[in-house]
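*Asks:* The structure follows.
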Amino acid sequence: MISYQLESFGKPLAQMLRETPAPQGTEVVLRVGSCGVCHSDVHLRDGYFDLGDGGRVDLARSVQPPRTLGHEIAGTVVAVGPQAQGARVGDRRVVFPWIGCGQCSLCAAGNEHLCNRPQGLGINRDGGFADHVVVPSATYLLDYGDLPEEQACTYACAGLTAYGALKKAAPLAATDPLLIIGAGGVGLSAVRLARALFEAPPIVAELDRSKWDLAREAGAGELIDPAADGAQRALAKATGGGVAAAIDFVGAGSSFDFGFGVLRKGGRLVSVGLIGGSTPMVPALLALKAVSIVGSYVGSLAEMRELITLARGGRLPALPVAMRPLAQADAALADLAAGRVRGRTVLKP
């Protein structure tokens, strides 16, 4: 098999050739057909998340190179282990990659994606920047039906992350304004999902005006530049005191500050993005405005099943994707880091 591995943090991915693995126990081997490239793959390649003011989350313990990145995986089952159940050779499936230890209370509650001993594909175990991948159990394989494979793979992270965040923003009344900050791959997924989940089109804040057309096509209502003079004040006024919920898919200090600043009394800020940075908080404002701030990290296996069902029902417009050969995995990461990607890049072995 061919894979493109991270051998050392901050270095280009290296092509590796090795024997195609034979599944053991409950394992299932997929021939990878499509694998999305996520901005978190850039952070994983670099080896840290930026906390601002010189602070970092070191990823060396969890990623442990050499590691094959890539967690948005769809493909075809080519081999099953002797104890595997629920999968047959030839099945076309998308993979839930956020696998936990299976033994802790979080896993028992269905929150494997929050497990403190994770076994996530493309992070803690080898992932989909390869032509084959080993999945520990068919439990994590979902039937995506007639959906295009290059769309199905994006539901494993971009779609699931957006869906999990939107559920935390709910419930919203028909007239409650929702703000989505960022129109990258995950933000665009949230825009199209919001049109399926809520009545009113979301407001989208995006610095890069070249992405505004994609946001409109996904179903955005008003589009604003959060860096424009008076943008925060103007949005609060236009919405009659602020938005009911804001979801920050950027995760910079400035985006977090913008989202918090436009909340109405009793509003909710859902923090999702991982770009990095920091911003000061005034605790008294939390009480005076009675607002809530909640973090959202991808989503559960149950939520991914809900999302796939929604997608198979034909209620979601397609996410714009650009397909590239697997051999361009490192170039795809470089383009994403430099802000040259519109929508989602999908690698095809």
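The values are calculated or read from the model by the stated rules, or taken from the named source; none is laboratory data. Everything numeric here is computed off the predicted structure, so don't read it as measured data. With ideal geometry, Cβ positions are generated from the backbone for all residues, glycine too; neighbour counts draw on all protein chains shown.
Listed here are the residues, each with its yes/no results for (1) of a type in the set (A, V, I, L, M, F, W, C); (2) touching a residue at least 24 places away in the same chain (Cβ under 8 Å); (3) touching a helix residue (DSSP H, G or I) at 6+ places or on another chain (Cβ under 7 Å).
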residue	(1), (2), (3)
H71	no, yes, yes
C115	yes, no, yes
D126	no, yes, no
A130	yes, yes, no
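Per-residue answers, yes or no, for (1) within 14 Å of L121 (Cα to Cα); (2) surrounded by fewer than 19 Cβ atoms within 10 Å (Cβ to Cβ):
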site	(1), (2)
M1	no, yes
E7	no, yes
L13	no, no
A22	no, yes
H43	no, no
D46	no, yes
L51	no, yes
Q64	yes, yes
G70	yes, no
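*Asks:* A further question follows. Answer with yes or no whether T154 is without any contact (Cβ under 8 Å) to a residue 40 or more places away in the chain and either within 16 Å of the chain's Cα centre (by Cα) or not assigned by TED's automatic domain parsing to the domain that holds I308 (or both).
*Replies:* Considered against the rule, which asks whether it is without any contact (Cβ under 8 Å) to a residue 40 or more places away in the chain and either within 16 Å of the chain's Cα centre (by Cα) or not assigned by TED's automatic domain parsing to the domain that holds I308 (or both), T154 comes out as no.
*Asks:* Sort out which residues of segment 296-321 are in a loop (DSSP other than H, G, I, E, B), over 18 Å from Y140 (Cα atoms), of a type in the set (A, V, I, L, M, F, W, C) and under 15 Å from the mean Cα position of the chain (by Cα), and write them in order of number.
*Replies:* L319 - this is the single residue of segment 296-321 that is in a loop (DSSP other than H, G, I, E, B), over 18 Å from Y140 (Cα atoms), of a type in the set (A, V, I, L, M, F, W, C) and under 15 Å from the mean Cα position of the chain (by Cα).
*Asks:* Working only within segment 137-178, note down all residues that are in contact with a Pro (Cβ under 6 Å, 6 or more places away or on another chain) and either farther than 21 Å from G100 by Cα or assigned to a loop (DSSP other than H, G, I, E, B) (or both).
*Replies:* If the condition is that a residue be in contact with a Pro (Cβ under 6 Å, 6 or more places away or on another chain) and either farther than 21 Å from G100 by Cα or assigned to a loop (DSSP other than H, G, I, E, B) (or both), then L178 is the only one that fits.
*Asks:* Of all residues in segment 69-92, count the ones that are assigned to a strand (DSSP E or B) and within 18 Å of the chain's Cα centre (by Cα).
*Replies:* Qualifying residue count for the region: 3.
*Asks:* Under 6 Å between Cβ atoms, at least 6 apart or on separate chains: pull out the pairs that start in segment 21-32 with a residue that is in the same structural domain as C153 (by TED's automatic domain parsing) and end on any residue that is part of a loop (DSSP other than H, G, I, E, B) and of a type outside the set (G, A, S).
*Replies:* G25/Q83; T26/Q83; E27/P136; V29/P23; V32/D131; V32/P349
*Asks:* Right, here's the next one. Can you name the strands (runs of 3 or more DSSP E) wholly within segment 24-65 that have at least 2 residues being modelled with pLDDT of 95 or more and either of a type outside the set (D, E, K, R) or farther than 30 Å from P320 by Cβ (or both)?
*Replies:* 28-37
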